[in-house]
1. Most exposed first by the Cβ proxy, i.e. fewest other Cβ within 10 Å, how do Phe65, Phe6, Phe54 rank?
2. On a 0 to 90° scale, report how tilted helix 21-33 is relative to the longest principal axis of the chain, with both axes built from alpha carbons and the result rounded to the nearest 10.
3. Tell me, what HN-Hα J-couplings in whole Hz come from the Karplus equation 6.51 cos²θ - 1.76 cosθ + 1.60 at θ = phi - 60° for each residue of the stretch 79-86, using x for Gly and Pro?
4. Can you tell me which of Pro18, Pro59, Pro70 moves the most in a GNM of the chain? Springs connect C-alpha atoms under 10 Å apart.
5. Name the long-range amide H neighbours of Leu76: under 5 Å, sequence gap of 5 or more, or other chain; modelled H, no Pro or chain starts.
6. Per DSSP H run of at least 4 residues, take -39500 (n - 2.57); add these up for the chain, divide by its residues and hand me the 222 nm value, nearest 500 deg cm²/dmol.
7. For the residues Arg17, Arg81, Arg34, what sequence is obtained by ranking on other C-beta atoms within 10 Å, fewest first?
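No value in this document is a laboratory result; all are computed from the given coordinates. All values reported here derive from a predicted model rather than from experimental measurement. Using ideal geometry, Cβ is built from the backbone for each residue, glycine included, and neighbour counts are taken over all protein chains shown.
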Amino acid sequence: MHFVLFYDLAPDYLERRPQFRNWHLSLAWAAHARGELILAGALADPVDGAMLLFRGDSPAVAEAFAQADPYVRNGLVTGWRVRQWSTVVGDRAAAPVRTVPSP
């Protein structure tokens, strides 16, 4: 299954990010190395949110990431939520659905 971790970012996120970025990225790359985190990044124009795509059996891995993330712990993230994403197309889709040719 796939889970998306959504972050709402503080208005001063870009100014405060440098002091926590290495710690945050280390946490993210470690989750990626374990096969938990697939993709992650901030939304652009405006930079007011971020999305992190996780793979797992439950939302627990995404929730644990958020709880340990220095961006969350230090107020750069003002709110977060995890949603299951029903992926059906692509090489890594959790439940691939292919069309059946018409008769």
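1. Ranking Phe65, Phe6, Phe54 by Cβ neighbours within 10 Å, fewest first, gives Phe6, Phe65, Phe54.
2. Here the helix axis deviates by roughly 20 degrees.
3. So the Karplus estimates, Gly and Pro as x, are x, 8, 8, 10, 10, 6, 10, 7 Hz.
4. Pro18
5. Result for Leu76 returns nothing.
6. -7500 deg cm²/dmol
7. Arg34, Arg81, Arg17
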